[in-house]
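Asker: This structure is in structure tokens; I'll ask about it shortly.
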Amino acid sequence: IGDFGNNDGNRTNLRIYKVAKNQLTENVATAEVIEFTFSDQTDFSVNNNNHNFDCEAFFVFQDSLHLFSKNWVDFKTRHYVLPTTAGEYVAEVRDSLEVQAQITSADISDEGEVLLLGYNTATSEVLFWLLFDYPNNEFFKGNKRKISLGSALNTSQAEGVTFREDKTGYVVAEKFS
């Protein structure tokens, strides 16, 4: 469970809670806590939706957590990697990609294809980035395809994506009034 949304840009208590699946049906669950900071964040002043240190998207792949930033200012995303074990860590930047959006969700298929979901606050475009044929978990160094889903004004604000099987999956969105 990712607890690292940072719309204001001033959070210093970024966490991921790791809970055993079999505890999800019980009344009480015990979580292991992974605490972290971003290696490249030095300014923690409040700057609502006007900074590059928000984060909503991550997935587990092999033995690591892969996080993707939600950059409000430069419309890029940065890829960070953390261990899956409880502890305190500094998330180092692995790479960045010009995505022309704020990334809100990410998943990886059984075949290793990465899907980033986001929307552009300036243009209202909702989009996917499909990343594949990359070397050594360097997701941004392989083939990339941008897939437009149209305007958020028509489709809604996309917030979550997950693969099922056979390259099918789900997208969830917030309702607009």
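The values are calculated or read from the model by the stated rules, or taken from the named source; none is laboratory data. In this text, all values refer to a predicted model and were calculated from it rather than measured experimentally. Methodologically, a virtual Cβ is constructed for each residue, glycine included, from the backbone with ideal geometry; neighbour enumeration extends over all protein chains shown. Quick note on the areas: whole protein, heavy atoms, side chains included, nothing else; ligands and nucleic acids left out. Shrake-Rupley method; radii C 1.70, N 1.55, O 1.52, S 1.80 Å.
Asker: Would you compute, from DSSP H runs of 4+ residues alone, the mean residue ellipticity of the chain at 222 nm, taking -39500 (n - 2.57) per run and dividing by the full residue count, rounded to the nearest 500? Numbers along the way, then the final one.
Answerer: On the way: 1 runs with 4 residues, N = 177.
Dividing the helical sum by the residues of the chain leaves -500 deg cm²/dmol.
Asker: Considering only protein heavy atoms and a 1.4 Å probe, what is the carbon-and-sulfur percentage of the accessible area of the chain?
Answerer: Numbers: 4440 of 9450 Å².
Heavy-atom surface of the chain belonging to carbon and sulfur, 1.4 Å probe: 47 percent.
Asker: Identify, among Tyr17, His51, Val99, the residue whose Cα sits farthest towards the positive end of the charge dipole of the chain, taking +1 on the Cβ of Lys and Arg and -1 on the Cβ of Asp and Glu, with the dipole about the Cα centre.
Answerer: The residue sitting most towards the positive pole is Val99.
Asker: Roughly how many debye, to the nearest 20, is the charge dipole of the chain about its Cα centre, given +1 on each Lys and Arg Cβ, -1 on each Asp and Glu Cβ, and no other charges?
Answerer: Values: 15 positive and 26 negative charges, 65 e Å.
Taking the Cα centre of the chain as origin, the dipole is about 320 debye.
Asker: For the chain, just say rounded, prolate or oblate: build the C-alpha gyration tensor, square-root its eigenvalues into a ≥ b ≥ c, call rounded for a/c under 1.5, and beyond that prolate if a/b exceeds b/c, oblate if not.
Answerer: Details: a/c = 1.31, a/b = 1.14, b/c = 1.15.
Cα axes put the chain in the rounded bin.
Asker: A follow-up question, please. Please compare each pair in Lys18/Lys76; Lys70/Lys175; Lys21/Lys141; Lys144/Lys175; Lys144/Lys167 to a cut-off of 23 Å on the Cα-Cα distance and tell me which ones are over it. Intermediate results must be reported in sequence, preceding the final value.
Answerer: Values: Lys18/Lys76 28 Å; Lys70/Lys175 20 Å; Lys21/Lys141 33 Å; Lys144/Lys175 29 Å; Lys144/Lys167 16 Å.
Beyond 23 Å between Cα atoms: Lys18/Lys76; Lys21/Lys141; Lys144/Lys175.
Asker: Counting other C-beta atoms within 10 Å, and keeping those with at most 14, which DSSP coil GluC sites (Glu not before Pro) do you find in segment 21-107? Provide the component values of the computation, followed by the final result.
Answerer: Numbers: sites: Glu26, Glu32, Glu35, Glu56, Glu88, Glu92, Glu98; in loops: Glu26.
Within segment 21-107, the qualifying GluC sites (Glu not before Pro) (loop, at most 14 other Cβ atoms within 10 Å) are Glu26.
Asker: Straight-line reach from Lys146: which aspartates and glutamates have a Cα under 12 Å away, not including same-chain ones fewer than 8 places off?
Answerer: Filter leaves Glu98, Glu125.
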